[in-house]
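Participant: Supplied in structure tokens, the structure appears directly below.
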Amino acid sequence: MESAEIIELDATGLQCPMPLLKAKRALNGMEPGQRLRVLATDQGSIRDFRVFAEQSGHLLLESEERGGVYTHLLQKS
């Protein structure tokens, strides 16, 4: 697959479960193989996105924290 554009979703300032709900909505409108980068400030988003990926079948390619911002990169299955 070619290097595709990554869609970015800014969910900073939102509390659980809003970052995950916005990500689910965005993924629903995407094609398989497309990638979504979610920016969140909710500390619980690390666990939420890991569990979501396990249950939904989407790939969680990376999850990291820098300066209080959590970045999650998902690939739609």
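Participant: What do you reckon, is Ala23 in contact (Cβ under 8 Å) with a residue 40 or more places away in the chain, under 10 Å from the mean Cα position of the chain (by Cα), surrounded by 15 or more Cβ atoms within 10 Å (Cβ to Cβ) and assigned to a helix (DSSP H, G or I)?
Facilitator: The answer is yes for Ala23.
Participant: Would segment 28-48 turn up any residue that is part of a strand (DSSP E or B) and acidic (Asp, Glu)?
Facilitator: no
Participant: Give the number of residues within segment 26-44 that are out of contact with any Pro (no Cβ under 7 Å at 6 or more places or on another chain), more than 18 Å from Leu61 (Cα to Cα) and surrounded by 14 or more Cβ atoms within 10 Å (Cβ to Cβ).
Facilitator: 1
Participant: Taking segment 28-38 only, how many residues are free of Cβ contacts under 8 Å to residues at least 40 places away in the same chain and within 9 Å of the chain's Cα centre (by Cα)?
Facilitator: Residues that pass the stated criteria total 2.
Participant: Between a first residue in segment 63-77 that is of a type in the set (S, T, N, Q) and a second residue that is surrounded by fewer than 12 Cβ atoms within 10 Å (Cβ to Cβ) and part of a loop (DSSP other than H, G, I, E, B), which pairs have beta carbons less than 9 Å apart while being 6 or more apart in sequence or on different chains?
Facilitator: Gln75/Pro32; Ser77/Pro32; Ser77/Gly57
Participant: Right, next: Taking the stated definitions as given, is Thr41 in contact (Cβ under 8 Å) with a residue 40 or more places away in the chain and hydroxyl-bearing (Ser, Thr, Tyr)?
Facilitator: Against the criterion (in contact (Cβ under 8 Å) with a residue 40 or more places away in the chain and hydroxyl-bearing (Ser, Thr, Tyr)), Thr41 does not qualify.
We did not get these values from a lab; they are worked out from the coordinates using the rules stated. Just so it is clear, the model here is predicted, and its values are computed rather than measured. Positions of Cβ are backbone-derived with ideal geometry, glycine not excepted, and every protein chain shown enters the neighbour counts.
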